[in-house]
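Have a look at the structure below before the remarks.
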Amino acid sequence: MPSSTHPTVGRADPRLPGGDVRAGDDHLRHRRRRPGRGLTDDRFALALMAPAAVFLAVFVGWPLVKLIVDSLYDIAPLAGTREFAGLGNYGEALTSPGFLGAAGRTALYTMLVVTLEFTLGLAVALLFNALGRRARWIRTLFLYPLMIAPVVAGLLWRFLLIDNFGIVNELLTRLGIIGGPDAIGWLSDPDIVLFSVALPDIWLTTSFMALVLFAGLQNIPGDVLEAARLDGSGPWHTLTRVTLPLLRPVIAVALVVRGIDAARAFDVILIQTNGGPQSASETLSLLIYRTMVRFGEPGLASAMGTLYLIAMLGVALIAVATIWRPGKVVR
């Protein structure tokens, strides 16, 4: 059968130079190459991603591999010895009261910080969304705490909450709410110190949560909200049944990012209490730091860090799986 009977094979394309199939193929290959570079689009994209891939491999991949490898050894830095311990460090960490206590305090601290930040951030984001352009300058001022370093924020709140001569207790005394400047030991009472050291973190990053949620609110179609209003939906019903379900992807990202960041809180707590009193504010980050630096046990500290990493990955996956359901409106 002649090749000309097929609609595509062997037919000349008058739009292509030369009027034949080979000329068309050469033309397409020429279009896929970067001008003057001799690179296809795929290779050009790989070339652009290569620096980031190398950076991640050197500064993330290799430290992660070294962390896992060191967790399998009993290392004595001063003696210069390194003995294979298998899963011994993991067993010691999981049976250590200090590790289990620090894990519980880290979970409590994270839930406290993220819950308050999400609640306050959502309220502020809804307010900004309602005000529209009138909230432009307020949004700018509200973002200022993000520019403050955590160490500076820790020092500031330490001066505010320190016993006997802290500004907060002094104001409460003058207002007649408490009996004296030493009535509340914000940073010395084990029962409330975890809440006290969480205040700077909440103050610093509530603006981040509000900014992320406000950006998500801007992407909700106005037609959906208008349809809910026309159907007789009240403000609370619209928020819980329409707005929040449409914000699921944004909420998932915000909670995971802030949850991981809050769970690794270190400098803010170190500056305020150094983990005290009586280890009441000692989180996993502080415990791992002390195990590594003060007690000189890199193997045990690496095992704690590996368990810490696995737990955070598990929580992040669960949060994404349960929250991230974009576009599903609750009826």
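The values are calculated or read from the model by the stated rules, or taken from the named source; none is laboratory data. Given the structure is predicted, the values throughout are model-derived calculations rather than measurements. Heads up, the Cβs are rebuilt from the backbone with ideal geometry, glycines too, and the neighbour counts pull from every protein chain shown.
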statement: Considering residues that are modelled with pLDDT under 80 and either within 31 Å of the chain's Cα centre (by Cα) or part of a helix (DSSP H, G or I) (or both), the number found within segment 26-56 is 7
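Name the single residue that is modelled with the highest pLDDT among those in segment 115-153 being hydroxyl-bearing (Ser, Thr, Tyr) and closer than 13 Å to Ser207 by Cα.
Looking only at segment 115-153, we keep the residues that are hydroxyl-bearing (Ser, Thr, Tyr), and these are 115, 119, 140, 144.
Filter once more, keeping what is closer than 13 Å to Ser207 by Cα: 119, 140, 144.
Numbers: Thr119: 94, Thr140: 82, Tyr144: 85.
Ranking the candidates gives Thr119 first.
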task: May I ask you to list pairs of residues, at least six apart or on different chains, whose Cβ atoms are under 6 Å apart, with the first in segment 295-318 being over 16 Å from Ala103 (Cβ atoms) and the second being of a type in the set (A, V, I, L, M, F, W, C) and loosely packed, with under 14 Cβ neighbours inside 10 Å?
output: none
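If I go through segment 279-312 residue by residue, how many of them are under 30 Å from Pro249 (Cα atoms) and touching a helix residue (DSSP H, G or I) at 6+ places or on another chain (Cβ under 9 Å)? If you could, list the steps in order and put the result at the bottom.
Going through segment 279-312, the residues under 30 Å from Pro249 (Cα atoms) turn out to be 283-285, 305-312.
From what's left, touching a helix residue (DSSP H, G or I) at 6+ places or on another chain (Cβ under 9 Å): 283-285, 305-309, 311-312.
Counting residues in segment 279-312 that are under 30 Å from Pro249 (Cα atoms) and touching a helix residue (DSSP H, G or I) at 6+ places or on another chain (Cβ under 9 Å) gives 10.
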query: Given the residues Leu127, Leu87, which is the only one that is without any contact (Cβ under 8 Å) to a residue 24 or more places away in the chain, aliphatic (A, V, I, L, M), under 19 Å from Leu309 (Cβ atoms) and out of contact with any Asp or Glu (no Cβ under 7 Å at 6 or more places or on another chain)?
result: Leu87
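Would you please name the residue that is surrounded by the fewest Cβ atoms within 10 Å (Cβ to Cβ), looking only at residues in segment 155-185 that are touching a residue at least 24 places away in the same chain (Cβ under 8 Å) and of a type in the set (D, E, K, R)? I'd like the intermediate steps shown before the answer.
Let us first name the residues in segment 155-185 that are touching a residue at least 24 places away in the same chain (Cβ under 8 Å), namely 155-158, 161-163.
Right, trim to of a type in the set (D, E, K, R) and you get 158, 163.
Values: Arg158: 19, Asp163: 15.
The qualifying residue surrounded by the fewest Cβ atoms within 10 Å (Cβ to Cβ) is Asp163.
In this structure, is Leu156 within 35 Å of the chain's Cα centre (by Cα), assigned to a helix (DSSP H, G or I) and farther than 18 Å from Phe266 by Cα? So that I can check it myself, show each step before the final result.
Numbers: within 35 Å of the chain's Cα centre (by Cα): yes; assigned to a helix (DSSP H, G or I): yes; farther than 18 Å from Phe266 by Cα: no.
So Leu156 does not fit the description; no.
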query: Just checking, how many residues over segment 273-285 are assigned to a helix (DSSP H, G or I) and either surrounded by fewer than 22 Cβ atoms within 10 Å (Cβ to Cβ) or more than 23 Å from the chain's Cα centre (by Cα) (or both)?
result: 1
Condition met for Ala79 (at pLDDT below 90, touching a strand residue (DSSP E or B) at 6+ places or on another chain (Cβ under 7 Å) and of a type outside the set (Val, Ile, Thr)): no
- prompt: Consider Leu161 against the criteria (1) in contact with a Ser or Thr (Cβ under 6 Å, 6 or more places away or on another chain); (2) over 21 Å from Asn274 (Cβ atoms): it satisfies all of them except one. Which criterion is unmet?
  reply: (2)
message: For segment 208-219, check the following and say yes or no: at least one residue is touching a helix residue (DSSP H, G or I) at 6+ places or on another chain (Cβ under 7 Å), of a type in the set (S, T, N, Q) and in a helix (DSSP H, G or I).
response: no
Pick from segment 195-236, criterion exposed (fewer than 12 other Cβ atoms within 10 Å of the Cβ) and of a type in the set (Gly, Ala, Ser), ranking: nearest to Tyr109 (Cα to Cα): Gly234
task: From the list Ile288, Ile310, Ile269, pick out the single residue that is modelled with pLDDT of 90 or more and exposed (fewer than 15 other Cβ atoms within 10 Å of the Cβ).
output: Ile310
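If you check Ala252 against the conditions, is it touching a His at 6+ places or on another chain (Cβ under 9 Å) and crowded, with 16+ Cβ neighbours inside 10 Å?
On the way: touching a His at 6+ places or on another chain (Cβ under 9 Å): no; crowded, with 16+ Cβ neighbours inside 10 Å: yes.
Here the answer is no, as Ala252 does not meet what is asked.
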task: Would you point out which residue out of Arg241, Arg229, Arg258 is without any contact (Cβ under 8 Å) to a residue 60 or more places away in the chain, among the basic types (Lys, Arg) and assigned to a helix (DSSP H, G or I)?
output: Arg229
field: Which numbered condition Glu117 misses (of (1) in contact with a Phe, Trp or Tyr (Cβ under 7 Å, 6 or more places away or on another chain); (2) within 21 Å of Val257 (Cα to Cα); (3) acidic (Asp, Glu))
entry: (1)
message: Which of the numbered conditions does Leu72 fail, given that it passes all the others? Conditions: (1) within 12 Å of Pro298 (Cα to Cα); (2) at pLDDT below 90.
response: (2)
